[in-house]
Structure formats: structure tokens, C-alpha cells
Amino acid sequence: MAFTLYTLIQTAILCINAIAVLHEERFLSKMGWGADQGVGGFGDDPGVKAQILNLIRSVRTVMRVPLIIVNSSCIVLLLLFG
């Protein structure tokens, strides 16, 4: 298997898919990364844990619909040229 630009793009898509399907109550709360974790007081700088949780929530919210389109196009390209 060659290391090409397409494999890099496919790897990035798989990682974004993995983040998008994370379920907080099912997976993240078992590791102590639930919705109520990492919440500081008012005016406190958010810690690394809170920033990572915010990134996961943002990716899940923003990338939901575009991921459907990107996944569909990758499947079509793989079927046509793979």
C-alpha cells in the first residue's frame, strides 16, 4: 500500500468520523470526560480537558452534515478508482 495524499485524506476523514460519533454518556463519561467534567468557575481560564471537550462538541456539531457528503464522495471515488 502506497503512502499517498489520498491515504492522508482518508485517515483524516476517519479520525473526524471517530470524533463525530463519540457519545458523551456512553464513552466519555466512563473515562471521566462527561459534560459536567472540566467546568470551572466564572472567569477561570478553561483547562486543557475543558478545551478538548469543547473541541469534540464543536466537531460533532459543525461536521455532522458535511461528513455525510464527504463520506459519500470518498465511497464513490473508492468504487470508481479503487
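The values are calculated or read from the model by the stated rules, or taken from the named source; none is laboratory data. Only a predicted model underlies this, so the values are computations on that prediction, with no experimental measurement involved. Reconstructed Cβ throughout: ideal geometry from the backbone, glycine too, with neighbour counts over all protein chains shown. Ligands, DNA and RNA are excluded from the accessible area calculation, which covers all protein heavy atoms including side chains. Shrake-Rupley method; radii C 1.70, N 1.55, O 1.52, S 1.80 Å.
For beta carbons closer than 8 Å, sequence separation of 6+ or different chains, a first residue in region 53-82 that is farther than 17 Å from Ala12 by Cβ and without any contact (Cβ under 8 Å) to a residue 12 or more places away in the chain and a second that is in a loop (DSSP other than H, G, I, E, B) and open to solvent by less than 90 Å² (accessible area, probe 1.4 Å), the qualifying pairs are Asn54/Pro46. Just to verify a result, which residue in region 33-52, among those that are of a type in the set (A, V, I, L, M) and at pLDDT 80 or above, is surrounded by the most Cβ atoms within 10 Å (Cβ to Cβ)? Residue satisfying both the conditions and the ranking: Ile52.
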